[in-house]
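The block underneath contains the structure these notes are about, expressed in structure tokens.
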Amino acid sequence: MSAARRARLALAILLTCLGCAVGVGACSSGTSGDDGAGPITFAAIADFTNGHQIGKAVDRWNAAHPDQHVRYIELSESADEQRSQLVATAQGSGECYDVNSLDVVWTAEFARGHLVVPLDERESHRYGINKDLFVSASWESGRYRNQQWAVPFLANVPLLFYRRDLLGPATKPPASLQEMISQIGSVNHRRAQAGQEPIGGFGGQFAHYEGLTVNALEIVRALGGDLAPRPNQAVSQADAVRTALGLLAAGARPGGWIPQADLAYKEQGTWEAFLHGQLLFMRNWPYAYKLLTAPTSPVADKVGIEPLPWSGVLGGHNLAVSTCSTHRATAWSFVSYLATNLDVQTTMLRDGGYPPVLQAGYQGRQDDFTKAILAALAHAGTRPVSPYYAAVSGTIQDAVSSVLNQARRPADAVDFLAANLPDALHGG
């Protein structure tokens, strides 16, 4: 922590203690800055919404609250880089980010490390942050050990995008992973007979980063296995995990159902490949739908959308107030504004493709896009819950990446996971 920040926090604690001496309240360093109002900093994910709607929401707040200005810092596209930057600042490296946008899997880590403050009953009532307003799965993603540490902001659940024109009117979207792989083969067989080049089969996120963990979990679970389902279990149904990794290894070979280029793709690379006609199927987040169906998109009238035919992994971002914040009243007010304002939430859906975290955000909507999101949310799973999630995810990434790149056999990868995930789950 910088000397300047230590001085500010020490002064806040001193003033609180002086207040308790004259009967204002109990003296506790844990309450310093709780009621402070003033300028704050908001660190959040890269804004992929049409028209940069997160930034515009911040602008509307600033116009209405000139004495409580919010400075918006847009973080990296990479979830791993986002986490590293947020952890570094929360631990005292540089300025304080008063409000952090946390990936749903970081709740346990930030709570256990006392990097953020919990939402207690007082703040909940004072700022109108009531759990009954929210979609249950989103609200629960901000809890750790029976306390609420973060408030839902942007929900996310993966969807299956496909080329309706290439599947053909007589072919229904796949109902399973295996059926999707079969349809890829059928389409490319027809293209070969017509003298056309093959099209890439399935675009996921298979670069060596957090997206690989999510994609791997989904495919492993699609075949009946699981990774780190409980703190004391590294692998569930090892044979199914081995089969899933074997399917990935075969798919990643030249001519397989996963294009070679996809081994380096994150979300943006995948939707750009789909946009330019290089993919038949794509697994991606809902925001891609608005980009692909925009008037300037070459595939605007060719995109089909469905829930994944296997259980997707719940994503999204929640808002948490930093322990270092000395303007927590403004911070909680701003959190409430982003999370409970229906206009903000519906704008994020309309222009960003982010499913609302508010139950009211789904009322009266019957379009195919919203139906696909609701169906996907109903069957979504979660990533392993651990304060050491980064180590857990890194171990999964190492194993799966080595399989995709043909550097490790699927059976050896299962052994690697069984040997290394237990230590990762417990911070070893």
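Answer yes or no: is there a residue in region 238-257 that is of a type outside the set (S, T, N, Q), assigned to a strand (DSSP E or B) and buried (at least 16 other Cβ atoms within 10 Å of the Cβ).
Checking region 238-257: not a single residue is of a type outside the set (S, T, N, Q), assigned to a strand (DSSP E or B) and buried (at least 16 other Cβ atoms within 10 Å of the Cβ).
Can you name the helices (runs of 4 or more DSSP H) wholly within region 51-135 that have at least 1 residues being touching a strand residue (DSSP E or B) at 6+ places or on another chain (Cβ under 7 Å) and surrounded by fewer than 15 Cβ atoms within 10 Å (Cβ to Cβ)?
53-64
Does Ala375 qualify as being surrounded by fewer than 20 Cβ atoms within 10 Å (Cβ to Cβ) and under 30 Å from Thr243 (Cβ atoms)?
yes
Which residue pairs have Cβ atoms under 7 Å apart, sit 6 or more places apart or on different chains, and have a first residue in region 267-282 that is closer than 17 Å to Pro307 by Cα and a second that is surrounded by 16 or more Cβ atoms within 10 Å (Cβ to Cβ) and among the hydroxyl-bearing types (Ser, Thr, Tyr)?
Leu280/Tyr162; Phe281/Tyr162; Met282/Thr270
Any residue that is without any contact (Cβ under 8 Å) to a residue 12 or more places away in the chain and either surrounded by fewer than 19 Cβ atoms within 10 Å (Cβ to Cβ) or among the basic types (Lys, Arg) (or both) - is there at least one of those in region 327-338? Before you say what the answer is, go through the steps one by one.
If we filter region 327-338 for residues that are without any contact (Cβ under 8 Å) to a residue 12 or more places away in the chain, which is where we start, we get none.
No, region 327-338 contains no residue that is without any contact (Cβ under 8 Å) to a residue 12 or more places away in the chain and either surrounded by fewer than 19 Cβ atoms within 10 Å (Cβ to Cβ) or among the basic types (Lys, Arg) (or both).
Where residues in region 62-83 are of a type in the set (Ser, Thr, Tyr) and modelled with pLDDT under 90, which of them is nearest to Asp98 (Cα to Cα)? Explain how you work it out, then say what you get.
Taking region 62-83 first, the residues of a type in the set (Ser, Thr, Tyr) are 72, 76, 78.
Filter once more, keeping what is modelled with pLDDT under 90: 76, 78.
Values: Ser76: 18, Ser78: 21 Å.
My answer is Ser76.
Look at region 359-389 and say how many of its residues are assigned to a loop (DSSP other than H, G, I, E, B), polar (S, T, N, Q) and touching a strand residue (DSSP E or B) at 6+ places or on another chain (Cβ under 9 Å). Spell out the reasoning first.
The initial filter retains those residues of region 359-389 that are assigned to a loop (DSSP other than H, G, I, E, B), namely 363-367, 379-380, 382-388.
Of the ones still in play, those that are also polar (S, T, N, Q) are 363, 366, 382, 386.
Okay, now just the ones that are also touching a strand residue (DSSP E or B) at 6+ places or on another chain (Cβ under 9 Å), so 382, 386.
Residues flagged as assigned to a loop (DSSP other than H, G, I, E, B), polar (S, T, N, Q) and touching a strand residue (DSSP E or B) at 6+ places or on another chain (Cβ under 9 Å) within region 359-389 amount to 2.
Going by what's in this entry, would Ala43 be described as touching a residue at least 60 places away in the same chain (Cβ under 8 Å), of a type in the set (A, V, I, L, M, F, W, C) and either in the same structural domain as Ala288 (by TED's automatic domain parsing) or buried (at least 19 other Cβ atoms within 10 Å of the Cβ) (or both)?
No.
Looking only at residues that are among the charged types (D, E, K, R) and touching a strand residue (DSSP E or B) at 6+ places or on another chain (Cβ under 8 Å) in region 269-328, which one is farthest from Ala150 (Cα to Cα)?
The selected residue is Lys302.
Return the pair list, or none, for Cβ contacts closer than 8 Å from residues in region 178-194 that are over 23 Å from Ala240 (Cα atoms) to residues that are assigned to a helix (DSSP H, G or I), at least 6 apart or on different chains.
Every condition considered, the pairs that remain are Val187/Leu166; Val187/Leu167.
The values are calculated or read from the model by the stated rules, or taken from the named source; none is laboratory data. Source: prediction; values computed, not measured. Cβ coordinates were reconstructed from backbone atoms using ideal geometry, including for glycine residues, and neighbour counts include every protein chain displayed.
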